[in-house]
Amino acid sequence: MPWASSSPQFLVAQRRNGATFFAQAGQKYEPPTLVMFSGATRSGCVLAQAAMGPFYCPTDQKVYLDTSFFQDLERRFRACDIGSKTCQFSQAYVIAHEIGHHVQNLLGLLPQVQQAQRGMGKVEANSLQVRVELQADCLAGVWANRGGELALRTKVAGSIAHT
């Protein structure tokens with residue numbers, strides 16, 4: 001699994017970038033933990049299952065990835081050539097999107113959105129959730145623009161929890 005070997009380096013790079021960004025705003029960055037699991041595991045939010053895909057849990061501030069997710073993208077859906085740089089970048093981008101949700105949480109945006117959604121109808125709440133997802137994509141794009149490819153090649157250990 002190429003993405004598993006690059007994940008620690010990626011997490012160190014995002015920790016460094018996050019710390020710099022937050023320091024410039026006078027705040028402290030607390031990085032999320034990446035939890036890799038097979039089949040199912042308990043998160044602070046829900047029972048995590050492979051069918052859910054990657055997700056961020058604001059309650060425990062962890063990013064959850066089922067080990068089969070990227071394998072399915074490569075083999076079952078043929079989204080990229082196995083082990084290619086394109087595949088590695090795509091996989092890191094998925095993680096960056098989930099870390100984008102962590103940044104939203106640290107900035108207080110996720111709790112605000114969740115509060116607002118409680119007072120909305122289903123269509124309005126879904127529309128607001130789409131905006132949250134687009135902003136997480138934007139934050140992942142900022143990561144990519146600031147040297148995402150370089151971050152994949154950095155050889156430093158990071159934080160990964162296996163369950």
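The values are calculated or read from the model by the stated rules, or taken from the named source; none is laboratory data. Everything numeric here is computed off the predicted structure, so don't read it as measured data. Don't worry about glycine lacking a Cβ; one is built from the backbone with ideal geometry, like all the others, and counts go over all protein chains shown.
A few remarks follow.
- When 83, 121, 141 are checked against the criterion of being farther than 26 Å from residue 37 by Cβ, at pLDDT below 95 and among the small types (Gly, Ala, Ser), 141 stands alone in meeting it.
- Filtered residues of segment 28-69 (kept if under 17 Å from residue 109 (Cβ atoms) and touching a residue at least 40 places away in the same chain (Cβ under 8 Å)): 29, 30, 32, 55, 56, 58, 61
- Subset of segment 69-109 (residues that are within 14 Å of the chain's Cα centre (by Cα) and among the hydrophobic types (A, V, I, L, M, F, W, C)): 69, 70, 89, 92, 94, 95, 96, 99, 103, 106
- Residue that is farthest from residue 112 (Cα to Cα) [pool: residues in segment 22-74 that are surrounded by 13 or more Cβ atoms within 10 Å (Cβ to Cβ), out of contact with any Cys (no Cβ under 6 Å at 6 or more places or on another chain) and of a type in the set (Gly, Ala, Ser)]: 68
- So residue 77, is it within 26 Å of residue 37 (Cα to Cα), buried (at least 16 other Cβ atoms within 10 Å of the Cβ) and modelled with pLDDT under 95: no
- Per-region count, segment 88-112, residues more than 19 Å from residue 52 (Cβ to Cβ) and touching a Leu at 6+ places or on another chain (Cβ under 8 Å): 4
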